[in-house]
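Just so it is clear, none of the values below were taken in a lab; they were calculated from the coordinates. Quantities reported herein were computed from a predicted structural model and do not represent experimental measurements. Positions of Cβ are generated from backbone atoms using ideal geometry, with glycine treated the same way; all protein chains shown enter the neighbour counts.
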Amino acid sequence: MNDKDLIQNELKGYRVVVFMKGSLEKPRCCVSAQSVNQFKAADCKTVDVLQKREMYDALQRYTNYTHFPQVFVDGRFVGSNLA
């Protein structure tokens, strides 16, 4: 599976997807913790890139950003480090 397909598979069915270190309930870095506070009220999905190394690498190649969290809205990358 190529990078785009791997990422698109995670985006299906959600308006907002946050690829981050940890989860919405248990962020694993300060920037992720600050960012997810903005999304707690939204129906969003989080993907723990520390648990999915293939996803971590694919996102960096696909978005050309090396930082997390990375946020997608309506299937489009909108930014990284949005805290």
* Restricting segment 3-18 to residues that are in contact with a helix residue (DSSP H, G or I) (Cβ under 8 Å, 6 or more places away or on another chain) and within 15 Å of residue 42 (Cα to Cα), which is surrounded by the most Cβ atoms within 10 Å (Cβ to Cβ)? -> 18
* Any residue at all in segment 66-80 that is crowded, with 16+ Cβ neighbours inside 10 Å, touching an Asp or Glu at 6+ places or on another chain (Cβ under 9 Å) and within 17 Å of residue 4 (Cβ to Cβ)? -> yes
* **Subset tally (residues that are in a loop (DSSP other than H, G, I, E, B), in contact (Cβ under 8 Å) with a residue 12 or more places away in the chain and among the charged types (D, E, K, R)) for segment 37-55** => 2
* Structure fact -> Residue pairs qualifying under the 6 Å Cβ cut-off, at least six apart or on distinct chains, with the first in segment 25-36 being crowded, with 21+ Cβ neighbours inside 10 Å and the second being among the small types (Gly, Ala, Ser), are 27/33; 32/22; 35/83
